[in-house]
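Single-structure report; data block below.
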Amino acid sequence: MRLFGIKDKKSIKTRIISIFLLINLIMMISFMISFSMKNTITKEYDRSMKTNIELSQLAIEINKSMNSFDQYIRNREIEHINNYRDSEKYIEAILKTIKDEVRKDKDSGVFLRNLENMFEYQQQLTGEILVEGGLNIYSYRKLNELRTLSGYMNNHAQMLITSYLDYSKEDYSTILQRYKEIERSIAVTILFFSFVSFGFAVLLSNDIMERITKLAASAEQLAKGNWQVEDVKENKYKEFNMMAHAFNHMKDNIRYFIEELSFKSEVEINLNKEKLINLEKDKLLRESQLMALQTQMDPHFLFNTLNIISRTAMFEEANNTVKLIQATAKILRYNLSYKKKLVKLEEEISTLKAYAFIQETRFQDQITFEFNIGENIDDIAIPPMTLQPIVENAIIHGLQDQEEGKIEIFITRREGHVKIKIKDNGKGISQEKLQRIFEENSNEKKKGHTTGLGLGNVKKRLELHFGVENLIFVDSKVGQGTIIDIFIPLKDGESYATVDDY
């Protein structure tokens with residue numbers, strides 16, 4: 001079997017990235033062109049608006065300059081001649097600023113040249129009048145001529161505004177139309193290359209699927225025991241060449257091992273198969289029993305809890321309600337998350353505390369809980385819902401109708417086991433009733449139970465998990481309360497199993 005020239009082939013990843021980069025490059029170029037056109041339109045619009053504002057200010061300054069000069073001629077106050085000269089400078093600056101922009105339009109350029117000539121003549125007339133000093137026949141004629149000239153200038157300024165506004169509107173419309181045409185061209189280009197890229201992608205996908213199908217067909221023949229199937233041939237994809245090489249190598253190795261195994265005794269093979277089948281059946285039976293015991297949950301508890309939350313929301317502030325909701329959510333999450341696992345003892349205790357908080361809220365001062373948790377229990381794993389059913393039994397059978405009820409939970413780690421003690425000061429249970437509780441059918445729903453689990457269920461689950469009997473002991477007398485001891489066995493000082501094992 002020869003090795004393929006893998007290094008000389010292009011990978012599928014390279015081909016896909018090439019198509020992706022091509023599409024992105026086209027999109028980027030299109031975006032840059034569109035962005036550039038938008039900037040051009042914006043700048044053109046801003047320039048036109050600025051020029052229109054300058055033209056409007058020009059007309060205002062022409063009137064202002066003539067008014068200032070008239071007032072100076074009447075009363076000879078220096079303030080007015082200064083105002084006139086300021087306006088004159090402003091007009092000169094405006095004409096200089098708008099000169100290049102306005103001359104882009106032929107008609108507007110004509111008005112601007114006329115306005116510039118009239119402004120020069122206005123400066124000449126005002127200079128001659130100021131040289132004369134007082135009013136005489138000569139200066140009076142000049143003043144009338146200046147006023148007439150000012151009217152012409154104002155009229156030309158208005159015509160210049162109108163002319164340039166028409167030009168700027170037409171120019172802006174032309175640019176906008178060109179931008180729309182470019183955008184349409186960009187859209188067509190993107191659409192075209194999108195179809196082309198899609199076509200390449202389809203061709204690449206079909207080619208890849210064809211080669212996968214061939215490889216799968218060879219694998220299927222191998223699975224059927226046809227060890228003489230032909231080697232997968234070389235192709236143009238680097239990844240498929242690697243897979244083909246690995247497949248061919250695997251096929252040869254399997255064929256070699258099959259030939260080696262054929263020398264073994266047929267009787268031994270049959271015995272091993274039967275043994276494996278029996279072990280698997282036993283394992284499946286134990287797992288099915290365990291899952292059947294572990295997946296029971298009665299929705300009655302949900303409705304009780306919601307009723308408690310509703311009453312609390314009516315009569316208390318929202319804080320208690322939030323705590324109840326959090327406790328309920330914790331229990332629900334715990335039930336939904338650990339159907340198929342062992343859980344840490346710490347998590348079981350945390351969920352039990354949430355359940356205890358709900359019951360304390362439900363019964364107010366009628367029932368209290370006390371937790372005494374020892375150290376070094378963080379590595380202990382137990383079946384989920386081990387402690388809560390026992391506490392439920394204590395409430396239902398011992399404390400539900402009793403004032404000042406109390407449940408104490410003690411957990412200590414000792415040599416060889418962890419001891420869990422659940423003690424209540426309830427009315428106790430007779431031996432006959434206790435026997436019935438242990439013998440209750442685990443599949444029957446029990447009124448008042450949130451989990452649908454009883455002591456018998458807990459006992460069976462512990463025995464199935466640890467493979468040890470007599471892990472629960474109950475000491476109860478009528479009128480004297482109940483003590484339940486649970487022993488979690490340790491193997492060489494460590495837990496039998498961890499949560500990760502499941």
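At a Förster radius of 22 Å, what calculated FRET efficiency corresponds to the Cβ-Cβ distance of Arg333 and Glu370, to the nearest 0.05?
The calculated FRET efficiency here is 0.30.
Which pairs in the list Lys406/Lys477; Lys64/Lys89; Lys353/Lys433 are over 19 Å apart, alpha-carbon to alpha-carbon?
Lys353/Lys433, as the Cα separations exceed 19 Å there.
Within the stretch 146-176, list the residues whose amide N lies under 19 Å from a label point set 7 Å along Cα→Cβ of Val110.
152-171
Give me the extension gain from Arg255 to Leu271: residue separation times 0.36 nm, minus the current Cα-Cα distance, reported in nm with one decimal.
The Arg255-Leu271 span can extend by a further 3.4 nm.
Given 0.36 nm per residue, what is the gain on full extension from His417 to Asn319 after removing their alpha carbon distance, in nm?
31.3 nm
Any idea what the relative contact order of the stretch 13-88 is, in percent, if you count C-alpha pairs under 8 Å spaced at least 6 apart?
Once divided by the residue count of the stretch 13-88, the mean separation gives 21 percent.
Taking H as built 1.01 Å from N, whose amide H comes closer than 5 Å to the amide H of Thr368, not counting residues under 5 places away?
Correct list: Gly405, Lys406, Ile407.
Taking N as the number of residues in the stretch 80-121, what is its alpha-carbon radius of gyration divided by 2.2 N^0.38 Å?
1.28
Mind scanning Lys273/Lys459; Lys43/Lys96; Lys43/Lys104; Lys224/Lys251; Lys273/Lys491; Lys99/Lys142 and naming the pairs with a C-alpha gap bigger than 24 Å?
Lys273/Lys459; Lys273/Lys491; Lys99/Lys142
Which Rg and Dmax, in Å, describe the Cα atoms of the stretch 23-72?
Considering the stretch 23-72 through its Cα atoms, Rg and Dmax are 21.6, 72 Å.
Please give the contour-minus-distance gain from Glu220 to Asp485: 0.36 nm per residue of separation, less the Cα-Cα distance, rounded to one decimal in nm.
Result: 89.6 nm gained on full extension.
How high is the FRET efficiency from Ile29 to Leu191, r the C-beta distance, R0 22 Å, rounded to 0.05?
In this case the efficiency is close to 0.90.
Normalise the Cα radius of gyration of the stretch 12-196 by 2.2 N^0.38 Å (N = residues in it) and let me know the number.
So the stretch 12-196 has a normalised radius of gyration of 1.68.
Throughout, read-outs are computed from the coordinates displayed, never taken from laboratory work. Here the structure is a predicted model, which means the values were calculated and not measured. All Cβ positions, glycine included, derive from the backbone under ideal geometry; neighbour counts span all protein chains shown.
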